[in-house]
1. Out of (1) at pLDDT below 95; (2) exposed (fewer than 14 other Cβ atoms within 10 Å of the Cβ); (3) over 20 Å from Ala14 (Cα atoms), the odd one out for Asp94 is which?
2. Which residues, taken from region 35-72, are outside any helix (DSSP H, G or I), touching a Phe, Trp or Tyr at 6+ places or on another chain (Cβ under 6 Å), open to solvent by 20 Å² or more (accessible area, probe 1.4 Å) and within 19 Å of Met171 (Cα to Cα)?
3. Among the residues of region 332-348, write down those that are open to solvent by 70 Å² or more (accessible area, probe 1.4 Å) and either part of a helix (DSSP H, G or I) or within 15 Å of Gln284 (Cα to Cα) (or both).
4. Could you go through region 58-71 and let me know if any residue there is modelled with pLDDT of 95 or more and closer than 23 Å to Gly277 by Cα.
5. So which residues in region 1-22 are surrounded by fewer than 20 Cβ atoms within 10 Å (Cβ to Cβ) and out of contact with any Asp or Glu (no Cβ under 7 Å at 6 or more places or on another chain), if there are any at all?
6. In region 349-358, is there at least one residue being in contact with a helix residue (DSSP H, G or I) (Cβ under 6 Å, 6 or more places away or on another chain) and in a helix (DSSP H, G or I)?
7. Mind listing whichever residues of region 293-324 are surrounded by fewer than 17 Cβ atoms within 10 Å (Cβ to Cβ) and either farther than 30 Å from Gln51 by Cα or modelled with pLDDT under 95 (or both)?
8. Might you check whether a residue that is out of contact with any Pro (no Cβ under 7 Å at 6 or more places or on another chain), of a type in the set (Ser, Thr, Tyr) and free of Cβ contacts under 8 Å to residues at least 24 places away in the same chain occurs anywhere in region 360-377?
Amino acid sequence: MIVLSANYAYLDKAETTIKSIIHNNKNVRIYLLNYDIPQEWFINVNQYANQIGAEIIDEKFDPSILSSAQDPDFGHINKMTYARFLIPKMIPEDRVIYLDSDLIVDNSIDELFSIEFEGNKILASPHIYNDLGNGINPEGKQTSEINAGVLVINNKLLKKDKDLTDKLFKMSAENHAEADQDIINEYFKNYIGILSYKYNYQIGADFEAYWGNPVSDCVEELLASVNDPKIIHYVSPDKPFNFMSSGRMREKWWFYHNLEWSRIVQKYTIFDITKIGPQKFDGQVFIFTNSVAIQNLEELVKRLPKICFNIAAYTNFGWDLLKLIKYPNVKLYQTIIGEKQKRLIKTADAYLDINYGDKVYRIIDQVKGRNIPILSFGDTADQNNTYSNYTVFDNDQVDEMVDKINEIINNQNK
């Protein structure tokens, strides 16, 4: 499966990469590591991608993990580059193809999903500035630096080290000229197998070489020797999406950038416009909280994908709640004000009184005024409750609450 990382500021570049992947590779699952990309973007693109068996998964992480990392020495690279260190910790797949978001996939890469690791933890192409085709020993091992923009990761093997992500981030607090790339080269030394340059065609290298590298002719010759690049990586600051750039293959990047999602779908099947539009849910439940701790919430959300969970608070949310917007059926309303409160109460089919900490009786009293069901678990139930439509489940009775919510919704829809 494929993993990218991007923040909202880089989303148009990441989306261009994703379009290029799906245009040339059907039935792919793409995880996008991020901390601030709105839920609505994922919902929209998946309404297209799902029509051809593809999926873009919102994989949220707490951005504070990047705080200790050193800023990269290059202006066109930011701390999001370290997010790939989260792959062993967050991505469940046994094999992962990591791709930078400043590249395009210009052909099928099916072979990367089956290529043998042969004892290696990572497969990657040499870093063209340093290697020039000579960094491979007779056993096919890496002897000079690899470029980390395309990685085939033996994630099953990496996940055996439960502390690997922490170790890599600890190294990121030290100064490395090429940030995560130096760390990957150092940490995985002797366990990196070599990929062909066609899987990481470093097109910007000629720009850098021409203006400051005495081996510019060698770089040109190496790039010219690759007749069928499948992944085109714009490695220099002279990106094709800059206002002005002089590098080659700018038009290829803009082709994918401007490619409409409906055209990508039509390449494989008949585009169904009826699947595009606002989300539709069978029913809605409401939670008002003063705490990020909400009992059994994530399990309920996963078990009830057709039920919308509206969660509100008077304050800003902590990360334990913010990360839940990766689920399309979770809607968060922080620092909520009057009209929005009234709408959420009015449209709720049930209220879940499952937050730890103090109860917000002002809201609960309005819910009771509608005489809708209130459901809770033992640890979070209001011990002084006298409301007749209040049901308390044991702490481990998630199945029973799921059944009750479905029953309430079904009765409402009759």
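1. (1)
2. Asp62
3. Glu339, Lys340, Lys342, Arg343, Lys346 - these are the residues of region 332-348 that are open to solvent by 70 Å² or more (accessible area, probe 1.4 Å) and either part of a helix (DSSP H, G or I) or within 15 Å of Gln284 (Cα to Cα) (or both).
4. Yes, that holds for at least one residue.
5. Ala9, Tyr10, Leu11, Asp12
6. No, region 349-358 contains no residue that is in contact with a helix residue (DSSP H, G or I) (Cβ under 6 Å, 6 or more places away or on another chain) and in a helix (DSSP H, G or I).
7. Within region 293-324, Ala293, Tyr314, Thr315, Asn316, Gly318, Trp319, Asp320 meet the criteria.
8. Scanning region 360-377 turns up at least one residue that is out of contact with any Pro (no Cβ under 7 Å at 6 or more places or on another chain), of a type in the set (Ser, Thr, Tyr) and free of Cβ contacts under 8 Å to residues at least 24 places away in the same chain.
The values are calculated or read from the model by the stated rules, or taken from the named source; none is laboratory data. None of these values were measured; they are calculated from a predicted model. Reconstructed Cβ throughout: ideal geometry from the backbone, glycine too, with neighbour counts over all protein chains shown. When the accessible area is computed, the model is the full protein with side chains, heavy atoms only, and any ligands, DNA or RNA have been set aside. Shrake-Rupley method; radii C 1.70, N 1.55, O 1.52, S 1.80 Å.
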